[in-house]
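Engineer: Structure below; questions to follow.
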Amino acid sequence: GENVGLHLPTLSVQEGDNSIINCAYSNSASDYFIWYKQESGKGPQFIIDIRSNMDKRQGQRVTVLLNKTVKHLSLQIAATQPGDSAVYFCAENRQAGTALIFGKGTTLSVSS
Amino acid sequence: NAGVTQTPKFQVLKTGQSMTLQCAQDMNHNSMYWYRQDPGMGLRLIYYSASEGTTDKGEVPNGYNVSRLNKREFSLRLESAAPSQTSVYFCASSASPTGGEAFFGQGTRLTVV
């Protein structure tokens, strides 16, 4: 069935490395995508979003890339820090007037 | 600014009991949502309310009902709790249903025994 999925359930990196978290989506009609970070025991927190009329968007230490041709979304975190350790979810808005649909998440572990 | 507030934070129910999870937002958002999160799963949409006075089913609505009491409040009711409803429940709100950042509450951890 259609879903927003992530390629890897876990990702381990060293402090200072760049991290890349991937997400594949199947609905070509989706026009809005968000990355969320969820720390243990907390609700998801917004990181960055991108609309389908863009290929790239940058924030502070984070970059989201959207490849509509292959329906692929990625989150790049520069100079990863221990505080970046969390579960990262991508979410898509498949249809205007509905709600965000989430993927299963990738657990990022950052070691010092 | 409290954002999205959920009550209670923890709850244990016996099978067959009923309860209502409360959610309130103070951001004057039009849209509100209920999700559940299970281990190894992402967040799955239970119900949403695109605007005051409207509610719609999400991916997993069975066993739940919702009420959009006013613009601020969106409650989730379990009429007869089942062990399969053991989960963490998150309420969220956004300014618009057509896209835009959704803000989440801290979650309600529900255990049904």
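Engineer: When the residues of the range B:31-58 are narrowed to those that are within 13 Å of the chain's Cα centre (by Cα) and assigned to a loop (DSSP other than H, G, I, E, B), which ends up nearest to the other protein chains (Cβ to nearest Cβ)?
Structural biologist: Going residue by residue through the range B:31-58, those that are within 13 Å of the chain's Cα centre (by Cα) are B:31-37, B:43-49, B:55-58.
Right, trim to assigned to a loop (DSSP other than H, G, I, E, B) and you get B:55, B:58.
Values: B:55: 11, B:58: 6 Å.
If we take residues in the range B:31-58 being within 13 Å of the chain's Cα centre (by Cα) and assigned to a loop (DSSP other than H, G, I, E, B), then B:58 is nearest to the other protein chains (Cβ to nearest Cβ).
Engineer: Let me ask another. Filter the range A:87-112 down to residues that are of a type in the set (D, E, K, R) and open to solvent by 10 Å² or more (accessible area, probe 1.4 Å) and give me whichever is modelled with the lowest pLDDT. Walk me through how you get there before you give the answer.
Structural biologist: Residues of the range A:87-112 that are of a type in the set (D, E, K, R), as a first pass: A:92, A:94, A:104.
Keeping just the survivors that are open to solvent by 10 Å² or more (accessible area, probe 1.4 Å) gives A:94, A:104.
Working: A:94: 74, A:104: 83.
The qualifying residue modelled with the lowest pLDDT is A:94.
Engineer: Go through the range B:31-57 residue by residue and tally those that are surrounded by fewer than 17 Cβ atoms within 10 Å (Cβ to Cβ) and within 17 Å of residue B:69 (Cα to Cα).
Structural biologist: 6
Engineer: Considering the range A:53-106 alone, what residues qualify as being within 16 Å of residue A:13 (Cα to Cα) and more than 11 Å from the chain's Cα centre (by Cα)?
Structural biologist: Of everything in the range A:53-106, those that are within 16 Å of residue A:13 (Cα to Cα) and more than 11 Å from the chain's Cα centre (by Cα) turn out to be A:61, A:78, A:79, A:80, A:81, A:82, A:83, A:84, A:85, A:86.
Engineer: Name the one entry in B:82, B:95 that is modelled with pLDDT of 95 or more, small (Gly, Ala, Ser) and open to solvent by 10 Å² or more (accessible area, probe 1.4 Å).
Structural biologist: Working: B:95 fails: modelled with pLDDT of 95 or more.
Exactly one of B:82, B:95 is modelled with pLDDT of 95 or more, small (Gly, Ala, Ser) and open to solvent by 10 Å² or more (accessible area, probe 1.4 Å), namely B:82.
Engineer: Only one residue in B:104, B:10, B:74, B:90 is closer than 28 Å to residue A:31 by Cβ, more than 10 Å from chain A (Cβ to nearest Cβ) and either surrounded by fewer than 20 Cβ atoms within 10 Å (Cβ to Cβ) or touching a residue at least 12 places away in the same chain (Cβ under 8 Å) (or both). Which one?
Structural biologist: Numbers: B:104 fails: more than 10 Å from chain A (Cβ to nearest Cβ); B:10 fails: closer than 28 Å to residue A:31 by Cβ; B:90 fails: more than 10 Å from chain A (Cβ to nearest Cβ).
Among B:104, B:10, B:74, B:90, only B:74 is closer than 28 Å to residue A:31 by Cβ, more than 10 Å from chain A (Cβ to nearest Cβ) and either surrounded by fewer than 20 Cβ atoms within 10 Å (Cβ to Cβ) or touching a residue at least 12 places away in the same chain (Cβ under 8 Å) (or both).
Engineer: Looking at the range A:23-65 only, could you name the residues that are at pLDDT below 95, crowded, with 17+ Cβ neighbours inside 10 Å and of a type in the set (S, T, N, Q)?
Structural biologist: Passing the criteria: only A:30.
The values are calculated or read from the model by the stated rules, or taken from the named source; none is laboratory data. Treat the numbers as computed from the prediction; the structure is a model and nothing was measured. Cβ atoms come from the backbone with ideal geometry, glycine included; neighbour counts cover every protein chain shown. What goes into the accessible areas is simple: the full protein's heavy atoms, side chains included, and nothing from ligands, DNA or RNA. Shrake-Rupley method; radii C 1.70, N 1.55, O 1.52, S 1.80 Å.
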